[in-house]
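Worksheet: one structure, shown below.
The values are calculated or read from the model by the stated rules, or taken from the named source; none is laboratory data. All figures in this text were calculated on a predicted structure; none of them were measured in a lab. To get the accessible areas, we keep the full protein, side chains included, count just its heavy atoms, and leave off ligands, DNA and RNA. Shrake-Rupley method; radii C 1.70, N 1.55, O 1.52, S 1.80 Å.
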Amino acid sequence: MINQHSENRLNTRLEKVSDAGYKFSWFDWFCLWYPPGWLILFNRHWQHYQTDPDGWNWLEYGLFLLPCGFYLALLSRWLRLGCRSPRTEVGEFNPKYQEAFRHEILAPIIKYYFQGELQQLENLPQTGSMIVAMNHAGMCFPWDFITLGYLLSEERRWTVQPLASPVLFEHPWMIWWLPPKWSQVLGGVRAELGDFETAIAQGKTILYAPEGLRGPLKGWSQRYQLQKFDVSFMQLSDRYHIPILPVLCIGSESLHPWTVNLKKLQRLFKLPFLPISPLMIALILFPSMGVWAMKTRLRYFIQPLEKDINSAKDRTAVYQQAQKFREELQTQINQLLNTIKT
């Protein structure tokens with residue numbers, strides 16, 4: 001009941017402000033161009049549409065922008081909340097808020113920062129019921145996924161939902177950084193078989209990384225070397241007769257360049273991966289930069305639709321089929337890279 005009540009409040013608020021929308025102030029434009037400010041943009045946009053007494057306030061936003069000020073902001077908020085964590089009432093996907101966030105926050109970031117573009121549009125189908133499988137080397141905040149979801153939504157007006165690690169939904173760090181249940185409200189699907197299968201059965205457009213966590217774990221040195229594919233997406237594609245649309249992203253490794261994963265620290269902090277790079281010094285001084293990425297050009301090459309997934313009951317046969325699919329995409333990536341170099 002609490003989640004339903006919160007969702008109704010959010011929908012009511014969206015309807016009331018939909019005509020005016022969220023307008024960038026001088027402070028928002030400053031945050032867009034100042035890396036520690038991106039987290040402020042995300043939270044301010046949420047607070048425009050949703051009453052959130054547990055959220056960050058103006059004093060704390062100001063501290064975000066100062067070296068090590070985030071730690072003082074975190075202490076201030078914790079004391080203000082009576083030494084407890086923020087409440088997490090909202091938790092259901094809200095297409096209206098996803099659309100508002102896409103147009104009002106993602107649009108300027110993707111336009112001015114990532115220069116995202118779809119190529120080989122002749123391979124893009126009209127229907128939106130599919131699994132969009134993409135190579136993933138985002139290393140940290142998944143901007144390669146988010147940008148592709150934005151571009152597909154703009155091109156075809158699809159409602160696109162990314163498959164995301166459960167850590168993005170429930171890790172203690174996330175409930176302090178971002179608004180309550182923010183990933184769910186924006187359409188994230190937990191990377192668990194039950195949730196994935198439910199989304200596929202409902203005929204949704206799902207962004208999926210066949211490499212799983214092996215994608216961001218591989219680091220800079222193997223940025224374009226596809227790792228072993230999981231098999232669940234091929235099994236569900238066959239079971240529900242949902243086609244797979246392969247998309248190859250070039251440029252994602254530059255979002256967080258020269259990154260390696262430290263497994264011991266990763267396990268210590270109970271994270272799926274812990275990317276370490278020369279930017280780590282800046283991240284220690286400005287923790288709000290965790291959602292920021294380097295300026296780059298993200299190009300997405302749409303491959304022909306995979307419709308004829310062979311039905312195979314034996315897991316070994318499915319595994320072999322998935323790895324054959326990986327090898328085909330690896331060949332396409334190598335060809336793209338050679339073409340770009342020349």
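Accessible surface for TRP58 stands near 150 Å², nearest 10, in the context of the full protein assembly shown (1.4 Å probe). Taking the accessible area of the chain, probe 1.4 Å, and keeping the other protein chains in place, the carbon and sulfur fraction comes to 57%. For ARG190, the residues 5 or more places off, or on other chains, whose built amide H falls under 5 Å of its own are ALA164. Beyond 24 Å in Cα-Cα separation lie the following of the pairs LYS264/LYS295; LYS96/LYS181; LYS181/LYS204; LYS295/LYS341; LYS96/LYS218: LYS264/LYS295; LYS96/LYS218. For the Cα trace of region 135-289, dividing Rg by the Kirkwood Rh returns an Rg/Rh value of 0.95. A probe of 1.4 angstrom, applied to the heavy atoms of all protein chains, finds CYS68 with accessible area near 60 square angstrom.
Give me the accessible area per residue for the chain, probe 1.4 Å, as a whole number in Å².
Solvent-accessible surface per residue comes out at 47 Å².
In order along region 39-47, the Karplus-derived 3J(HN,Hα) couplings, from 6.51 cos²θ - 1.76 cosθ + 1.60 at θ = phi - 60°, round to 5, 5, 4, 4, 6, 5, 4, 4, 5 Hz, and Gly and Pro are given as x.
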